[in-house]
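J.: Have a look at the structure that comes next, please.
The values are calculated or read from the model by the stated rules, or taken from the named source; none is laboratory data. The shown structure was predicted, so the numbers you read here are calculated from the model rather than taken from an experiment. Please note: Cβ atoms are built from the backbone with ideal geometry, for glycine as well, and neighbour counts cover all protein chains shown. Protein only, heavy atoms only, side chains kept; ligands, DNA and RNA dropped before computing areas. Shrake-Rupley method; radii C 1.70, N 1.55, O 1.52, S 1.80 Å.
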Amino acid sequence: MRELIGSFLSNDSPFGRAMTKVGIIIAANLMFILFSIPVVTVGAAYVAMYHVMLKTLRGDGVINPFKQFWIGFKTNFKQATIAWVIFAALMAFGYYDVSLCRQATGLIYQLQYLIYVLGLLVVTAFIYLLPTMAAFENTLPNLVRNGMYFALHKPWFLIVILFFHLFPLYLTYSDRQMLPLYAFIWFFFGFGAIAMLTSRLLLKDFCRYLPLVDDYGDFILDENGDKIMPGSAAEAALDAAGEHEMTEDEILEEMKKLDM
């Protein structure tokens, strides 16, 4: 019985791996809340949280979420802050325009629906920009373009991702009686859970354009120190080396090189 319980609770068991990911989600969520306090840093904090989730999913799930969050935050701070300020300004401008349209009549009143459509496009672009920025290094315009490519590549994923980003917010602001419960969820794991779900949905598409990583989520380098890309000759050589079982003579030769 003790061995059964021990194997169930071990880090390598399905339960242990699940609990490890839950802990990472909570840690990243709390870091996101802390680093978002200045408001202007919300974009960088969000990208840092995606950095943690992608690092977790690409490796074996055992990382230091606090260290990885800081790496993602400082690496993407400038671009993410610019993107966040632009997004917030567009949302504020759109909200002001809708308020004016609602006070008018006729064609101007109907104009608010066009603003809603444009607002949804801006929200979609920003939602996809965050994980794209966490995964790739590029200029901000190219990252926006690449994010929209991933959004349109699988429309059914787009619907799911938009639902889990927007519907919880709608519930939070529409059901005031449950607001304390929603606040608890958002504070401890709400943002992190959505980021983890989004990362899992996008990762398969991302991996086709990302360098290979090892079990710890670190980049695998070739003999020249360059990152190995999927489908490259270096990946084929790496696979061949992994499938090749060393003979006794090869092992002795390697030991001689190491002066053993």
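J.: Kindly evaluate residue 238 against the criterion of being over 17 Å from the mean Cα position of the chain (by Cα), modelled with pLDDT under 95 and part of a helix (DSSP H, G or I). Break it down into steps so the answer makes sense when it comes.
T.: On the way: over 17 Å from the mean Cα position of the chain (by Cα): yes; modelled with pLDDT under 95: yes; part of a helix (DSSP H, G or I): yes.
Taking the combined requirement at face value, the residue satisfies it.
J.: Looking at (1) open to solvent by less than 30 Å² (accessible area, probe 1.4 Å); (2) touching a Leu at 6+ places or on another chain (Cβ under 6 Å); (3) free of Cβ contacts under 8 Å to residues at least 60 places away in the same chain, which is the one condition that is false for residue 131?
T.: Single failed check for residue 131: (3).
J.: I need the helices (runs of 4 or more DSSP H) fully contained in region 39-136, keeping only those with at least 2 residues that are within 20 Å of residue 21 (Cβ to Cβ) and of a type in the set (Phe, Trp, Tyr).
T.: Working: elements: 42-58, 65-75, 77-103, 107-135.
Hits in region 39-136: 42-58, 65-75.
J.: How many residues, within region 2-22, are surrounded by fewer than 12 Cβ atoms within 10 Å (Cβ to Cβ) and either more than 27 Å from residue 66 (Cβ to Cβ) or modelled with pLDDT of 75 or more (or both)?
T.: Residues in region 2-22 being surrounded by fewer than 12 Cβ atoms within 10 Å (Cβ to Cβ) and either more than 27 Å from residue 66 (Cβ to Cβ) or modelled with pLDDT of 75 or more (or both): 7 in total.
J.: Go through (1) modelled with pLDDT of 95 or more; (2) open to solvent by 80 Å² or more (accessible area, probe 1.4 Å) and name the single condition residue 95 misses.
T.: The failed condition is (1).
J.: Among the listed residues 208, 200, which satisfies the condition of being open to solvent by 80 Å² or more (accessible area, probe 1.4 Å), within 14 Å of the chain's Cα centre (by Cα) and not β-branched (Val, Ile, Thr)? Break it down stepwise before answering.
T.: Numbers: 208 fails: within 14 Å of the chain's Cα centre (by Cα).
So the residue among 208, 200 that is open to solvent by 80 Å² or more (accessible area, probe 1.4 Å), within 14 Å of the chain's Cα centre (by Cα) and not β-branched (Val, Ile, Thr) is 200.
J.: Further question on the same structure: All but one of (1) crowded, with 16+ Cβ neighbours inside 10 Å; (2) at pLDDT 95 or above; (3) under 30 Å from residue 15 (Cα atoms) hold for residue 79; state the number of the condition that does not hold.
T.: (3)
J.: With the condition kept exactly as written, say whether any residue in region 48-56 is surrounded by 14 or more Cβ atoms within 10 Å (Cβ to Cβ), over 18 Å from residue 126 (Cα atoms) and at pLDDT below 95. Reasoning before the result, please.
T.: First, the residues of region 48-56 that are surrounded by 14 or more Cβ atoms within 10 Å (Cβ to Cβ): 48-56.
Going one step further and asking which of them are over 18 Å from residue 126 (Cα atoms), we end up with 52, 55-56.
Still in the list and also at pLDDT below 95: 55-56.
Looking for residues that are surrounded by 14 or more Cβ atoms within 10 Å (Cβ to Cβ), over 18 Å from residue 126 (Cα atoms) and at pLDDT below 95, one finds at least one in region 48-56, hence yes.
J.: Another question, then. Quick test for you: out of 151, 183, pick the one residue that is assigned to a helix (DSSP H, G or I) and farther than 24 Å from residue 35 by Cα.
T.: Details: 183 fails: farther than 24 Å from residue 35 by Cα.
That would be 151, the only listed residue that is assigned to a helix (DSSP H, G or I) and farther than 24 Å from residue 35 by Cα.
J.: Would you mention how many residues in region 98-118 are farther than 20 Å from residue 166 by Cβ, out of contact with any Phe, Trp or Tyr (no Cβ under 8 Å at 6 or more places or on another chain) and of a type outside the set (Ser, Thr, Tyr)?
T.: 8
J.: Sticking with this structure for a sec: Taking the options 158, 143, name whichever one is touching a residue at least 60 places away in the same chain (Cβ under 8 Å) and surrounded by 15 or more Cβ atoms within 10 Å (Cβ to Cβ). I'd like the intermediate steps shown before the answer.
T.: Values: 158 fails: touching a residue at least 60 places away in the same chain (Cβ under 8 Å).
Only one candidate passes the filter, namely 143.
J.: Related question: When region 59-70 is examined, which residues are found to be within 21 Å of residue 209 (Cβ to Cβ) and touching a helix residue (DSSP H, G or I) at 6+ places or on another chain (Cβ under 7 Å)?
T.: Going residue by residue through region 59-70, those that are within 21 Å of residue 209 (Cβ to Cβ) are 59, 68.
Once the filter is applied, which keeps residues that are within 21 Å of residue 209 (Cβ to Cβ) and touching a helix residue (DSSP H, G or I) at 6+ places or on another chain (Cβ under 7 Å), region 59-70 yields only 68.
J.: Moving on. For region 137-148: of the residues being in a helix (DSSP H, G or I) and out of contact with any Ser or Thr (no Cβ under 9 Å at 6 or more places or on another chain), which is farthest from residue 90 (Cα to Cα)?
T.: Only one residue fits best here, namely 142.
J.: While we're here: Take the residues in region 161-174 that are more than 15 Å from the chain's Cα centre (by Cα) and aliphatic (A, V, I, L, M), then tell me which one is farthest from residue 206 (Cα to Cα).
T.: 171
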